[in-house]
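Step one of this worksheet: look at the structure below.
No lab work stands behind these numbers, since they all come straight from the coordinates. Quick caveat: nothing in here was measured; it's all calculated off a predicted structure. Because the Cβ atoms are built from the backbone with ideal geometry, glycine has one as well, and the counts that use them run over all protein chains shown.
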Amino acid sequence: MGICDDPEILKAYDEVCDDKNEVNWILLTFADTKSNILKVGHKGTGGIDELKEYLKEDEAAFGYVRVPMSNDPLSQRTKYVLVSWIGQQLSYMRRARLSVQKSDVTKVLRYFSIEVPATERAELDADDILVQLKKAGGANYDRQTSNY
């Protein structure tokens, strides 16, 4: 069985990608500390701030978040963020496996504008992520009001 073979993962991914669905984030966690199989650990409607509440210091996880963006009322668009969480108390063996496992994850969670690797919750600040998304998005027509 592959790391992302659980059909619930694809179902949850589709929920996040559906703008009409309230679910705007998922967190994929490992079934247990020894497992190399991911499952949908959590999902919700509160964006990156809610996702952060479920991150544990002794675990690795992958988050996927839908972020609405706009420069003005007429240019609404949706961007996606991949979060690669490596808790600071995570074992070295699990850390070593993550780079290979992440390539399998990105085959399922394939559409994202930026990846945010994080080892601390503070690295997942919603405002900072929004700035990163704007930078990655190309044209920024509200430069006179932004800080970058």
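When each of the peptides 123-132, 74-83 is scored by the mean number of other C-beta atoms lying within 10 Å of its residues, the order from highest to lowest reads 74-83, 123-132. Among residues other than ILE3 with Cβ under 13 Å from its Cβ, the summed charge is +2 (Lys and Arg +1, Asp and Glu -1). Between the amide H of ASP125 and any residue lying 5 or more places away or on another chain, no distance stays under 5 Å, with hydrogens modeled in the peptide plane. Set against the labelled values [x] 45, 39, 34; [y] 120, 64, 20; [z] 50, 30, 24, Cα extents along the principal axes in Å computed from this structure falls on [z]. For the stretch 1-73, the relative contact order works out to 32 percent when only alpha carbon pairs closer than 8 Å and six or more residues apart are counted. 3J(HN,Hα) along the stretch 48-61, derived from phi through the Karplus expression 6.51 cos²θ - 1.76 cosθ + 1.60 where θ = phi - 60°, amounts to 4, 5, 6, 4, 4, 4, 9, 7, 10, 5, 9, 10, 10, 7 Hz, with x in place of Gly and Pro.
Using the Cβ of GLN88 as centre and a radius below 15 Å, the other residues enclosed give a net charge of 0, where K and R count +1 and D and E count -1.
Charge dipole (Cα centre; +1 on Lys/Arg Cβ, -1 on Asp/Glu Cβ; no other charges) of the chain amounts to roughly 480 debye. Using the Karplus relation 6.51 cos²θ - 1.76 cosθ + 1.60 with θ = phi - 60°, the per-residue 3J(HN,Hα) values for the stretch 15-25 come to 4, 5, 6, 8, 4, 7, 8, 6, 5, 10, 7 Hz, with x marking Gly and Pro.
Scalar couplings 3J(HN,Hα) for the stretch 87-99, obtained by applying the Karplus form with A = 6.51, B = -1.76, C = 1.60 to θ = phi - 60°, are x, 5, 9, 5, 5, 5, 5, 5, 4, 5, 7, 5, 5 Hz; x denotes Gly and Pro. Would you mind computing the Rg to Rh ratio of the stretch 3-75 from its alpha-carbon coordinates, Kirkwood style for Rh? Rounded to two decimals, Rg over Rh is 1.04. Computed over the chain, relative contact order equals 20 percent, with contacts defined as Cα pairs under 8 Å that lie 6+ residues apart. Taking amide H atoms as placed 1.01 Å from N in the peptide plane, the amide H of ASN24 lies under 5 Å from those of GLY44, THR45, GLY46, GLY47, each 5 or more residues away in sequence or on another chain. Distant-in-sequence amide contacts of LYS79, defined by a placed amide H-H separation under 5 Å and a gap of 5 or more residues or a different chain, comprise VAL67, MET69.
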